[in-house]
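A.B. asks: Sharing a structure with you now.
The values are calculated or read from the model by the stated rules, or taken from the named source; none is laboratory data. For clarity, every value in this text was computed on a predicted model and none was experimentally measured. Because the Cβ atoms are built from the backbone with ideal geometry, glycine has one as well, and the counts that use them run over all protein chains shown.
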Amino acid sequence: MGTIFYGSCATPIHVEDRALAHLKVLIATKLRRGESFTLSWPHPEGQPSARSTIWLSPAVELTFVFDDPEPPEIDRSHLANLARTAYSAGGIQLTSEDVAPSAATPPAEVQRGRTPDFPHGSASGRPRPVRTEMR
């Protein structure tokens, strides 16, 4: 499961790595064009039943952290479907299958950007992002 860190939001957004890889491509493309949009997701099992939405804009810092060091294959048709939803009034809607279950929430040390390799975290206090190639 990967993680999105959005602006100064204290709560990271946990997303399955494959879904996150597709989101990263779409989000990077839209933000590079100067486009803003919403991203919504249901809260994972183990949390109160609710849904969250964030407004993504080029002015807000965004970090993607992937648990798997190897990038998954990008499915062009899935990416095209995501892009269509990004242009809709409801924005991008993640499903419960895309969102990491609360049991997969990383330990507090990792959430604060500390790992055995980087005990003090990155300069921003967030985990160092895993670099992935955009295809």
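A.B. asks: Kindly provide the set of residues from segment 26-35 that are surrounded by fewer than 17 Cβ atoms within 10 Å (Cβ to Cβ) and over 10 Å from Ala86 (Cβ atoms), ordered by number.
C.D. replies: Hits for segment 26-35 are Ala28, Arg32, Arg33, Gly34.
A.B. asks: Moving to a separate point now. Would you check which residues across segment 1-21 are among the small types (Gly, Ala, Ser) and crowded, with 22+ Cβ neighbours inside 10 Å and list them?
C.D. replies: If the condition is that a residue be among the small types (Gly, Ala, Ser) and crowded, with 22+ Cβ neighbours inside 10 Å, then Gly2, Ala21 are the ones that fit.
A.B. asks: Sticking with this structure for a sec: Checking the conditions here, which among Leu62, Leu39 is of a type outside the set (S, T, N, Q) and either modelled with pLDDT of 95 or more or under 16 Å from Arg84 (Cα atoms) (or both)?
C.D. replies: Of Leu62, Leu39, the one residue that is of a type outside the set (S, T, N, Q) and either modelled with pLDDT of 95 or more or under 16 Å from Arg84 (Cα atoms) (or both) is Leu39.
A.B. asks: Let me ask something else about it. Is at least one residue of segment 52-66 under 15 Å from Ser96 (Cβ atoms) and either free of Cβ contacts under 8 Å to residues at least 40 places away in the same chain or surrounded by 14 or more Cβ atoms within 10 Å (Cβ to Cβ) (or both)?
C.D. replies: Yes, the conditions are met somewhere in segment 52-66.
A.B. asks: Being among the β-branched types (Val, Ile, Thr), in contact with a strand residue (DSSP E or B) (Cβ under 8 Å, 6 or more places away or on another chain) and assigned to a loop (DSSP other than H, G, I, E, B) is the filter here; which residues of segment 34-81 pass it?
C.D. replies: Within segment 34-81, just Val60 meets the criteria.
A.B. asks: Test Gly113 against the stated conditions and say whether it is modelled with pLDDT under 90, out of contact with any helix residue (DSSP H, G or I) (no Cβ under 7 Å at 6 or more places or on another chain) and crowded, with 18+ Cβ neighbours inside 10 Å.
C.D. replies: yes
A.B. asks: If Pro106 satisfies every condition in (1) buried (at least 16 other Cβ atoms within 10 Å of the Cβ); (2) assigned to a helix (DSSP H, G or I); (3) at pLDDT below 85 but one, which is the exception?
C.D. replies: Condition not satisfied by Pro106: (2).
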